[in-house]
Every structure is written in C-alpha cells, then in structure tokens.
Amino acid sequence: MSHGFLHDLAAVFSNPYVAIIFIAALAFDFINGFHDAANSIATIVGTRVMRPGPAVLWAAWWNFAAAWFFGLAVANTVAKWVHPEFVTPEVILAGLLGAIVWDLLTWYVGLPTSSSHALLGGFGGAAMAYAGSTTGVLQMGKVLATMEFIVLAPLIGFALALILVIIVIRLFWRFAPGRVDRWFRVIQLGSAAAYSLGHGANDAQKTMGIIAALFYATIWRAQQPLFETGRIQFPFWIVLVCHLAISLGTLTGGWRIVKTMGMKITKLKPIGGFSAETAGAAMLIGTALWGITVSTTHTITGAIVGVGTVQRFSAVRWGIARRVVWAWVLTIPMSAIVGAACYWLIASVR
C-alpha cells in the first residue's frame, strides 16, 4: 500500500528486480515519447508553422500538463489487461522488452506504428507464454474494445477531420488565402496544444497501468484485490513520473517519422493542420475519459488522410498510407511474439 513518494520509492528500490522493471517501464515511456513525438508535431511542422525544435518543446510541455487532466481510466484498462494470476514481474519485464524492440525497429525504418498496441501486444504475449495457453489469459472485454478501435480510431479521425476541414473552408472561402493562412498559423498553436494534451493523457497512462500492475503484483500485493475491483487507485506520484518520462522522450523528437506523417502522406496547409489536430484531440480526449486504449498514431494518421482527401483523392499518397496500415496490422501480433520470446529467455536464466 502506498505511504507517500519517498516511502514507496524506498520500497521499490529495496527490491532490485522490481526496481529494474520500474526503470524499464520508464524507459519504454521515454521511447514512447521519442517514437510518438511525430504524432504531436507532424502537422505543425508539416505546415511549417513551427520548426521541429520549438515544436517538440511545445508538445512536450502539453504532454506533461496532461497529468492534471482526464483521470486514470486508460491506466486502469492497461493494468487489468491480463488476469491477475498471470501477472508476474517476469511477464511485465518481457512485455516491456517486446514493446521496446518493436518501437525501435519501426522507428528505425520510419513507420508510425502504435507504441500503445506494442505495449499491449508485448504484455499479452508474455502472459500467454507464462500461462502456456492462449485462452483465459487476457481480459477479453478490454481486448475486444481495443481491437475494435484499431479500425475505428483512424476512421473516426478521418471523418472528423474531413467534416471539420469542409466546414472551415466554407466559413473562410470569401477571405484571401494569404490572410486565412496567417490566421490559422496562430490558431494551429492551440490545436497542436490540444492534440498534445490528448496524446499525453492517452500514452503516459499506458505506462502508469504497467507500473501499477507491477507494484500490485509485488510490493503492494496485499492490496491487489482492492485495486482489481477499483476500490483503490495508485498514487499521483506515478502519474507525474510517467508524464515526465514521456515528455522528455518527446523532447528528443523523431524526425524520420515526422517526414512520413507530416510531409509524405499528403501536403498540409495550416487549415488542414488545424483540422487534423482538432479532430485527433477530440478523439483522444474522449477515449481517455472513457478508458478506451486507442492509438494516437492511428488517430492522427486517419485525420491527416481525411484532410488530404478534401483536396483531391490523389492528394493522398496511398502507397505510403498502405505501408503504414500494414505496420498497424502487424504491431500487436509481432510485439506479442517478441514479448513471448523475451519471457522464455528471462525464464531460462532466472
């Protein structure tokens, strides 16, 4: 049970194995910010409203500020993704390693895949390896909701951005294009901030969930039944540490993926950037409040494609978009396989 930050930290580091996994979780959170920085800044860089350096500073601040908004519903979903009897330190460590390997591989080749789905896939695959079974291991209600939103998130992002950009064009079509462009260069700062808030609210919570699962399986094990039934919540210091880690990761950027998201899929102008970011922010904030684990990558990519489609269907580079979709489809199974392999490796040396 939590007794305050310093007491909790002493309890964590009194168990070196738990401490190593805790640090690995924060490393994943950092890599998540690094890998997904493109999601937060691709549109504002792609429209040339900000240069990459100031853009990542802007995004990182709002990633951190999200700690004080939107609750912990997503964190609780991730923490309870696996049935508690299959949650062990080894399973959590293997799941994190599976997600980290997949994230770094897709970052290297410049593919905007989902760190969230990599984490869930790695965690699930490691738990199945521990259980020796593919059935009865995962909380299927949470799994099905996540799988549904692999399809729904980009579609909703696409539809919201498409509708929004049409409305904005109709409202401002009488004004000179240069004037509208100047206005939306300022307005886009607000939409980028809103998107980064949603990104922080969703993605930092996923690491919180993993850390909570770790602590309630080890140092706070006596409190695990209360946590599973929602009668207690994990302490706020975990929230702050996770938001700090993802913000620092965002600060390091991820230019390879920015080029794919903000420049290669379609050419963006400030009106389009505003519409994509606003649509993405609405989707991410809504799902954070509902506790649905969605991919920020899927959401913003769908929104960018929606904006590009308004210009003309051929304005979207569908070859790039198709390559991105294939990476999405493969993320959960591939990270699950890596997570399972990592579990077997850890078990063999323990």
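Worth pointing out:
- Given the alternatives (i) 0.99; (ii) 1.05; (iii) 1.11, Rg/Rh (Cα atoms, Kirkwood Rh) as computed for this entry is given by (i).
- The chain: calculated mean residue ellipticity at 222 nm from DSSP helix runs of at least 4, using -39500 (n - 2.57): -26000 deg cm²/dmol
- Within segment 164-205, trypsin sites (Lys or Arg not before Pro) in DSSP loop having at most 11 other beta-carbon neighbours inside 10 Å: Arg174
- Segment 38-121: radius of gyration over Cα atoms, expressed as a fraction of 2.2 N^0.38 Å: 1.37
- Coupling constants for segment 91-104 follow from the phi torsions by the Karplus curve (6.51 cos²θ - 1.76 cosθ + 1.60, θ = phi - 60°), and in residue order they are 4, 5, 4, 5, x, 5, 5, x, 5, 5, 4, 5, 4, 5 Hz; glycine and proline get x.
- Just checking the listed ones, Pro89, Pro225, Pro270: in the Gaussian network model of the chain with Cα springs under 10 Å, the one fluctuating most is Pro225.
- Accessible surface ranking for Cys342, Cys242, 1.4 angstrom probe, highest first: Cys342, Cys242.
- Percent accessible area from carbon and sulfur atoms, the chain, protein chains only, probe 1.4 Å: 72
- Lysine pairs with alpha-carbon atoms under 15 Å apart, the chain, spacing 8 or more or separate chains: 5
- Taking Asn32, Asn15, Asn76 as the candidate residues, the one with maximal mean-square fluctuation in a Gaussian network model of the chain, Cα springs under 10 Å, is Asn15.
- Stretch gain in nm, segment Val349-Thr135, where the contour uses 0.36 nm per residue and the Cα spacing is subtracted: 74.4 nm
- Among Ala131, Ala288, Ala212: highest mean-square fluctuation, GNM of the chain, C-alpha pairs under 10 Å: Ala131
- Linear extension gain, Ile232 paired with Arg174, 0.36 nm per residue minus alpha-carbon span: 15.3 nm
- Surface analysis of the chain yields an accessible area of 40 Å² per residue, using protein heavy atoms and a 1.4 Å probe.
- For Val82, residues with placed amide H under 5 Å, excluding near neighbours: Gln139
- Applying both filters, DSSP loop and at most 14 other Cβ atoms within 10 Å, to the chymotrypsin sites (Phe, Trp or Tyr not before Pro) of segment 162-209 gives Trp173, Phe175.
- Accessible surface comparison of Lys142, Lys269, Lys80, Lys206, probe 1.4 Å, protein chains only, largest first: the order is Lys269, Lys142, Lys80, Lys206.
The values are calculated or read from the model by the stated rules, or taken from the named source; none is laboratory data. Nothing here was measured: the structure is a model prediction, and the numbers come from that model. Reconstructed Cβ throughout: ideal geometry from the backbone, glycine too, with neighbour counts over all protein chains shown. Remember, those area values only see protein heavy atoms, side chains included, never the ligands or the DNA or RNA. Shrake-Rupley method; radii C 1.70, N 1.55, O 1.52, S 1.80 Å.
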